[in-house]
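Quick one: this structure, given as structure tokens, is what I'll be asking you about.
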Amino acid sequence: MKNNILILGAGGVANVVAHKCAQHNDILGNICLASRTLCKCDAIIDSVERKNNLKDSSKALYSRQIDALDIDATAQLIEDTHSDIVINVGSPFINMSVLQACLKTGAAYIDTAIHEDPDKICENPPWYANYEWKYLDACKEKGLTAILGAGFDPGVVNAYCAYAVKHYFDTIDSIDIMDVNAGDHGKYFATNFDPEINFREFTGQVWTWIEGKWVSKAVHSEKQNYTFPVVGEQTIYLTGHDELHSLSKNIKADTIRFWMGFGDHYINCFNVLKNIGLLSEQPVTTAEGLEVVPLKVVKACLPDPASLAENYTGKTCIGNLVKGKKNGEEKEIFIYNTCDHKACYEEVESQAISYTAGVPAAAAAILIANESWDVKHMVNVEELDPDPFIELLDKMGLSTEITQSGSGKREGKGEN
Amino acid sequence: MKNVLIIGAGGVGAVVVHKCAQNNDVLGDICIASRTLEKCQAIIDSVHRKDNLKDKNKQLYARQLDAGKRENVVTAIQETASDIVINVGTAFVNEVIMDACLEAGAAYVDTAVAEDISVINAPYPWYAEFEWKRKPLFAEKGVTAILGAGFDPGVVNAYCAYALKHEFDKINVIDIMDVNAGDHGKYFSTNFDPEINLREILEDVGYWEDRQWKECGHHEISRSYPFPVAGDQKVYLMGHDEVHSLSINMDVDTVRFWMGFGDHYLNCFQVLENIGLLSHEPVTTAEGQQVIPLKVVKACLPDPSSLAAGYTGKTCIGNLIKGEKDGQEKTIFIYNICDHQECYNEVESQAISYTAGVPPVAAAILVAEGVWDVKKMVNVEELDADPFLDLLKTMGLPTSIRIEEC
């Protein structure tokens, strides 16, 4: 039985992770929140106390200052805090150093996003092979549990794939992961998480898995309209995303794509910024000789994502449209979650985008603590049994719904 | 013979040097000075490349100058033995250069009203803050200062004076309209220094209507007008230098300035503005670096001078003037058409720099010849427009007049 949790990072997702760990600290034990900026950790602790989310008040919830790029310092912090599980929800630039600190100390590792090199964007597939999977053997040797990409997407959507394989299909043809936010933050333009990380996803190329091959496409070059449960018809764009880089290896399906919803106004603002060069991660020099990274200046001008939560209304819908065969019949399911921004704010003072990313990481920690997911090696979420995860998430605020249509629906279209 | 000191080595500075060189038999030695010597040298190379130095016995040379300090400018005027200073540097240094001219006794010509870098939405009329305060000093010392002698302000002011002299008994309404129907082929670009350009566009709009100052937001009021050559164009009411002197000197009910903007330009502008990227107030990045967003936008945009080689199409700038002649109502449009490619062929600049840079050289020639050497400070509409428009016609900027149907 593992206990005591070290949460690295103090952004919007870390806030949710802290709240949800606190709600389950009878299982998880003491909780330490650590980031570069101590006051951000303390603000989260205040929020947990304000919302009365610390279940067992005999357990500690406290903060530490850390530079998580420093492997030795991070290993020391893991030991000092007696943490058995590290939940890394800091910037994706720190993944490799945190993983190495876990290898040094034996603490289980959980993250929610793929490692990124500050100087590179949209890396060649499979992206995990460039960083995380280099440590597959090291983890196995040490018996270290490392669960990669355990947010919602990647994370729960990977479990949805495993769930579909286990319960619904004999063979799968295609998986379309679709993520839409039908909420409204009331600002002219804002990103829902760190703009620097957010824009990096869309400024390079789109890698997607089509008919058993990696295919590169231009950003926002393919879109479609899809009618979602609850949030209705939305325009979604083919986008590169973490989970494709593991699902393509672990799930037998010809085609696996990721689609993200964008409104016309968002796309317009994005295009103007991008075409002018303001989303570039490469420095420019001003007339006065100052070296500046334009993307960092755009970030400084945009609203702090954390500030959006209070007035956010509407819902998100994230799910997988899975097509395949069961008992020789064509079959299609949409397995999804809808999440309400306001309900999230009331519970943990975050919006739904942070909530959907943060709750699964806390659930994964609980499953490691109770040993059902303590697998002693490095895995992506689809390699684990999805049932306990989906059941636990149901109780933790992220319920799963499934709509199905069998071959009957398609009969009118003839044999295709 | 009057030697000329040109301050500023941007796009307009380049045109001024070319045109001075073409007329150096009248003007004399020419010195181009700016903070960055290489930019001056590049302009001189361009003049030689285009073989625009008329009298090869006269000098054309460069000098490094920080025009932010008066003593530097005085020394530059004295050491170059210049009789006329053409200031086409940033509008933030006008005041210093004016004072240096007063001290050294050199005639002063500029093309834009002085600006305080920290002030957006300066009080009306703009010239009162810096320039007109010095009127008594210039008169006392008998030094000529011609303010705003580009195209707009400048030629459009002369159009007003010309109209009153030749076409009208009384003028009621002046609408100055500036459109660029050209294409630079870039996604988004300003035609001159983005910092100055975007500042002037995002300011509140001050205009003179029914004999009083009125205000509205930028891009709030627009109209369409069928321009000669350039065709139908949408123009937006905007604050501009010339409104601030014409409203006083012309004795008319209404003076407005309109500038043409395409939908794509406006969309880009609005996204940048709404996000806060056109702000001249510093922001602090997550890493603690203090940066002025507008300066970063400027660094990302194409260098305006790089646009010239690929620029096609034409500009049209002119005045729609309404008034009375012989008891009848009358409306004229007095204007110039300028072709980007022809400008590039002649002086390696685009038409926006060309239209702004040719007129101050014409003004300098008129000062050198004594025609405009008025020994005091004036705005262009206070001078006789005829010799100016005649000279501009021979220098590449012909004037046309269209009588509008009422």
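The values are calculated or read from the model by the stated rules, or taken from the named source; none is laboratory data. Keep in mind that what you see is a predicted model, and the values were worked out from it rather than measured. Virtual Cβ from ideal backbone geometry, glycine too; neighbours counted across all protein chains shown. Each accessible area value is taken on the protein alone, full model and side chains, heavy atoms only, with ligands, DNA and RNA left out. Shrake-Rupley method; radii C 1.70, N 1.55, O 1.52, S 1.80 Å.
Here are some conditions: (1) closer than 12 Å to B:V155 by Cα; (2) open to solvent by 40 Å² or more (accessible area, probe 1.4 Å). B:V358 meets all but one. Which one does it not meet?
(2)
Which of the residues that make up region B:30-54 are open to solvent by less than 40 Å² (accessible area, probe 1.4 Å) and not polar (S, T, N, Q)? Working first, answer last.
Filtering region B:30-54 for residues open to solvent by less than 40 Å² (accessible area, probe 1.4 Å) gives B:30-34, B:40, B:43-44, B:46-47, B:52-53.
Result: B:I30, B:C31, B:I32, B:A33, B:C40, B:I43, B:I44, B:V47, B:L53.
Still on this model: What are the residues in region A:247-278 that are touching a Pro at 6+ places or on another chain (Cβ under 7 Å) and either among the aromatic types (F, W, Y) or more than 9 Å from chain B (Cβ to nearest Cβ) (or both), if any? Talk me through it step by step, then tell me what you get.
Initially, region A:247-278 is screened for residues touching a Pro at 6+ places or on another chain (Cβ under 7 Å), giving A:248-249, A:277-278.
The answer is A:S248, A:K249.
Something else about it: Restricting to region B:178-216, and then to whatever is open to solvent by less than 20 Å² (accessible area, probe 1.4 Å) and without any contact (Cβ under 8 Å) to a residue 40 or more places away in the chain, can you tell me which residue is nearest to the other protein chains (Cβ to nearest Cβ)?
Filtering first and then ranking leaves B:N197.
Ok, one more. Please specify each residue of region B:282-341 satisfying the condition of being assigned to a loop (DSSP other than H, G, I, E, B), farther than 29 Å from B:V358 by Cβ, away from every other protein chain (no Cβ under 14 Å) and not small (G, A, S). Break it down stepwise before answering.
First pass over region B:282-341, keeping only residues assigned to a loop (DSSP other than H, G, I, E, B): B:282, B:285-289, B:292, B:301-303, B:311, B:313, B:326-327.
Filter once more, keeping what is farther than 29 Å from B:V358 by Cβ: B:282, B:285-289, B:292, B:326-327.
Checking which are away from every other protein chain (no Cβ under 14 Å) leaves us with B:326-327.
B:D326 - this is the single residue of region B:282-341 that is assigned to a loop (DSSP other than H, G, I, E, B), farther than 29 Å from B:V358 by Cβ, away from every other protein chain (no Cβ under 14 Å) and not small (G, A, S).
Next up: Let me spell it out: the conditions are (1) open to solvent by 50 Å² or more (accessible area, probe 1.4 Å); (2) on the phi < 0 side of the Ramachandran plot, and A:A14 meets all of them except one. Which number is the exception?
(1)
Within region B:379-390, work out how many residues are open to solvent by 40 Å² or more (accessible area, probe 1.4 Å) and either closer than 25 Å to B:F138 by Cβ or of a type in the set (A, V, I, L, M, F, W, C) (or both). Spell out how you get there, then give the answer.
If we filter region B:379-390 for residues that are open to solvent by 40 Å² or more (accessible area, probe 1.4 Å), which is where we start, we get B:382, B:384, B:390.
Adding the requirement that they be either closer than 25 Å to B:F138 by Cβ or of a type in the set (A, V, I, L, M, F, W, C) (or both) leaves B:382, B:384.
The qualifying residues number 2.
Between B:K393, B:K376, B:K330, B:K322, which is open to solvent by 20 Å² or more (accessible area, probe 1.4 Å), among the charged types (D, E, K, R) and under 26 Å from B:L102 (Cα atoms)? Full working, then the answer.
On the way: B:K393 fails: under 26 Å from B:L102 (Cα atoms); B:K330 fails: under 26 Å from B:L102 (Cα atoms); B:K322 fails: under 26 Å from B:L102 (Cα atoms).
Of B:K393, B:K376, B:K330, B:K322, the one residue that is open to solvent by 20 Å² or more (accessible area, probe 1.4 Å), among the charged types (D, E, K, R) and under 26 Å from B:L102 (Cα atoms) is B:K376.
Which members of region B:340-362 meet the condition of being touching a residue at least 60 places away in the same chain (Cβ under 8 Å), farther than 20 Å from B:K54 by Cβ and not β-branched (V, I, T)?
Residues satisfying the conditions are B:H340, B:Q350, B:A351, B:S353, B:A356.
Here's something else I'd like to know. Mind checking which residues of region B:223-276 are open to solvent by less than 10 Å² (accessible area, probe 1.4 Å), assigned to a strand (DSSP E or B) and among the aliphatic types (A, V, I, L, M)?
Scanning region B:223-276 gives B:V235, B:L237, B:M238, B:V255.
Sort out which residues of region A:24-36 are open to solvent by 40 Å² or more (accessible area, probe 1.4 Å) and either without any contact (Cβ under 8 Å) to a residue 40 or more places away in the chain or in contact with a strand residue (DSSP E or B) (Cβ under 6 Å, 6 or more places away or on another chain) (or both), and write them in order of number.
A:D26, A:R36
Could you check how many residues of region B:83-135 are within 19 Å of B:K69 (Cα to Cα) and basic (K, R)?
Final tally of qualifying residues: 1.
Taking the residues in region A:37-67 that are assigned to a loop (DSSP other than H, G, I, E, B) and of a type in the set (K, R) as candidates, determine which candidate is most open to solvent (accessible area, probe 1.4 Å).
In the first step, residues of region A:37-67 are kept if they are assigned to a loop (DSSP other than H, G, I, E, B); the result is A:37, A:51-60, A:66-67.
This time we only want the ones that are of a type in the set (K, R), so: A:51, A:55, A:59.
Numbers: A:K51: 68, A:K55: 128, A:K59: 58 Å².
Here the answer is A:K55.
Here's something else I'd like to know. Hey, A:L290 hits all of (1) touching a residue at least 60 places away in the same chain (Cβ under 8 Å); (2) within 14 Å of chain B (Cβ to nearest Cβ); (3) not small (G, A, S) but one; which does it fall short on?
(1)
Separate question: Can you tell which of A:I110, A:I87, A:I114, A:I147 is β-branched (V, I, T), touching a strand residue (DSSP E or B) at 6+ places or on another chain (Cβ under 9 Å), surrounded by fewer than 24 Cβ atoms within 10 Å (Cβ to Cβ) and not in a helix (DSSP H, G or I)?
Details: A:I110 fails: surrounded by fewer than 24 Cβ atoms within 10 Å (Cβ to Cβ); A:I87 fails: surrounded by fewer than 24 Cβ atoms within 10 Å (Cβ to Cβ); A:I147 fails: surrounded by fewer than 24 Cβ atoms within 10 Å (Cβ to Cβ).
Just one listed residue meets the conditions, A:I114.
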